[in-house]
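The values are calculated or read from the model by the stated rules, or taken from the named source; none is laboratory data. Values in this document were obtained by computation on a predicted structure and should not be read as measured data. Virtual Cβ from ideal backbone geometry, glycine too; neighbours counted across all protein chains shown.
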Amino acid sequence: MDLFKVLQTLTETPGPSGFESDIAAVIQEMWHPLVDEIIVDRLGSLIAIKKGRGDLKSDGEHRPRILLAAHMDEIGLMVRQVIDFHGSGFLRVAPLGGVDIRHLYGQQVVIHGHDGQTARNIRGILGAPPNQLLPAGQTGKPYSFDNLVVDPGLSFDQLREVISVGDAVSFYQPLQQLAGKRVSGKALDNRCSVAAVTQCLEQLQNRPHDWDVIALASCQEETRLLGAATVAHQYQPDIAIAIDVTFGQGPGANDDRAFKVGGGPVISFSPDTHLGVQKGLEQAAKQLEMTTQSEYVAYPGGTDAYAMQIAAEGIPTGIVGIALRYMHTMVESISMNDVTRVGRLLAAYVEQLNEKSIQELKNALTPKS
């Protein structure tokens, strides 16, 4: 598998939160030869199941199963107003997810409109008045959504024929190769984790595993952790792991919340994680002689683990992170080596799960006498 090409396809395919159909179709094509069953649920999440071997049952009905969740949506924008300015058409937009407005001015975008029943993807730019023309008190400050506009270069009449309020807007930014196995682009949060899960599924083709693997490309994580919550509730796996990005170290980002880019998978311990899953991931890394990083967080939230852990009667959950610089921008940056390592770690963890693993999870929380 050419991991860069996989990641390039994933990041350059649009899929703002709530509008994931295009990226779901791409992931479905990637995962189809690697799994036994693929489902797109009613909310738009993509669920792929790779069956384990043998007759091992966890509850008399099915094999024990592990859910590997990587959200496929990306931050984006939504059209909130179509403007007529002396016959030219402009759009005002609202954020989809945690968009950092400081980075929007001057960006290229794609507006996902329609012409009757036909989809129309229209290129545009995010513009605003020059600094010298801003009202007093606004000069030298980030633009607001009130003075940013999307300019597609169309007349007002042409624009309103193909664009409506509520249409999605995605950022346009090809994936770039940097030096030192680094890449930069949009939507690496969290398409790099989808690539890692793809790598895991490929490795499991020739490695026997007892448990069923449910690979999830979840929808609407950036807005409400929606897909992971509903899929975890429906399938009620015995273990769930959220694979997501975390903050990468760099100038001005060097405290205990940031991790070395290229330093290996980041294994979290937080209110969202289960001690037994954390220890199992660390053991799998040790067997691979793989260097990992440890994240200790005293507060919950931020990944799909927050929703999966409390689904149904509760699911033992872990978090594996990929260190990423410049989060929620169009120039996010990661190390390709970290994507490969996370894929290998997930495959090794799945492979070590057996008939004793569920009891071992319970034992991890049992007080020692």
_Among (1) surrounded by fewer than 22 Cβ atoms within 10 Å (Cβ to Cβ); (2) touching a Pro at 6+ places or on another chain (Cβ under 9 Å); (3) in contact (Cβ under 8 Å) with a residue 24 or more places away in the chain - the single one D22 does not satisfy_ = (3)
*asked:* Exactly one of these conditions fails for A70: (1) surrounded by 19 or more Cβ atoms within 10 Å (Cβ to Cβ); (2) on the phi > 0 side of the Ramachandran plot. Give me its number.
replied: (2)
_Here is a list: A284, A215, A229. Which entry is within 19 Å of the chain's Cα centre (by Cα) and under 18 Å from G343 (Cβ atoms)?_
A215
*Filter pass, N190 being among the polar types (S, T, N, Q), under 19 Å from P265 (Cα atoms) and assigned by TED's automatic domain parsing to the domain that holds G44*: yes
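Quick test for you: out of R63, R42, pick the one residue that is in a loop (DSSP other than H, G, I, E, B), modelled with pLDDT of 95 or more and either of a type outside the set (G, A, S) or surrounded by fewer than 20 Cβ atoms within 10 Å (Cβ to Cβ) (or both).
Numbers: R63 fails: modelled with pLDDT of 95 or more.
Criteria check complete, one pass: R42.
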*asked:* Looking only at the stretch 156-170, filter to residues that are among the hydrophobic types (A, V, I, L, M, F, W, C) and in a helix (DSSP H, G or I); which one of those is surrounded by the most Cβ atoms within 10 Å (Cβ to Cβ)?
replied: L159
*Do you know which residues across the stretch 1-55 are touching a Gly at 6+ places or on another chain (Cβ under 9 Å) and more than 20 Å from D189 (Cα to Cα)?*
D41, L43
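With respect to F19, is the statement that it is touching a Ser or Thr at 6+ places or on another chain (Cβ under 9 Å), among the hydrophobic types (A, V, I, L, M, F, W, C) and either farther than 22 Å from V213 by Cβ or in the same structural domain as I243 (by TED's automatic domain parsing) (or both) true?
Numbers: touching a Ser or Thr at 6+ places or on another chain (Cβ under 9 Å): yes; among the hydrophobic types (A, V, I, L, M, F, W, C): yes; either farther than 22 Å from V213 by Cβ or in the same structural domain as I243 (by TED's automatic domain parsing) (or both): yes.
Answer is yes for this residue.
In the list D22, D36, D73, D84, which residue meets the criterion of being more than 22 Å from V109 (Cα to Cα) and of a type in the set (D, E, K, R)?
Details: D22 fails: more than 22 Å from V109 (Cα to Cα); D73 fails: more than 22 Å from V109 (Cα to Cα); D84 fails: more than 22 Å from V109 (Cα to Cα).
Result of the check over D22, D36, D73, D84: D36.
Yes/no per residue for (1) among the polar types (S, T, N, Q); (2) on the phi > 0 side of the Ramachandran plot; (3) out of contact with any Gly (no Cβ under 8 Å at 6 or more places or on another chain):
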{"residue": "V99", "(1), (2), (3)": "no, no, no"}
{"residue": "Q107", "(1), (2), (3)": "yes, no, yes"}
{"residue": "Q117", "(1), (2), (3)": "yes, no, yes"}
{"residue": "L134", "(1), (2), (3)": "no, no, yes"}
{"residue": "N147", "(1), (2), (3)": "yes, no, yes"}
{"residue": "D151", "(1), (2), (3)": "no, no, no"}
{"residue": "Q158", "(1), (2), (3)": "yes, no, no"}
*Check the stretch 1-13 and report whether any residue there is at pLDDT below 95, more than 19 Å from the chain's Cα centre (by Cα) and within 26 Å of Y349 (Cα to Cα).*
yes
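Has the stretch 310-329 got any residue that is within 19 Å of the chain's Cα centre (by Cα) and at pLDDT below 95?
Narrowing the stretch 310-329 to residues within 19 Å of the chain's Cα centre (by Cα): 317-329.
Now narrow it down to the ones that are at pLDDT below 95: none.
No; the residues of the stretch 310-329 include none that is within 19 Å of the chain's Cα centre (by Cα) and at pLDDT below 95.
Return the only residue of G343, G302 being surrounded by fewer than 24 Cβ atoms within 10 Å (Cβ to Cβ) and either within 15 Å of the chain's Cα centre (by Cα) or part of a helix (DSSP H, G or I) (or both). Spell out how you get there, then give the answer.
On the way: G343 fails: surrounded by fewer than 24 Cβ atoms within 10 Å (Cβ to Cβ).
Going through G343, G302 in turn, the sole match is G302.
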*What are the residues in the stretch 101-139 that are under 17 Å from M78 (Cα atoms) and in contact with a Ser or Thr (Cβ under 6 Å, 6 or more places away or on another chain), if any?*
H103, V110
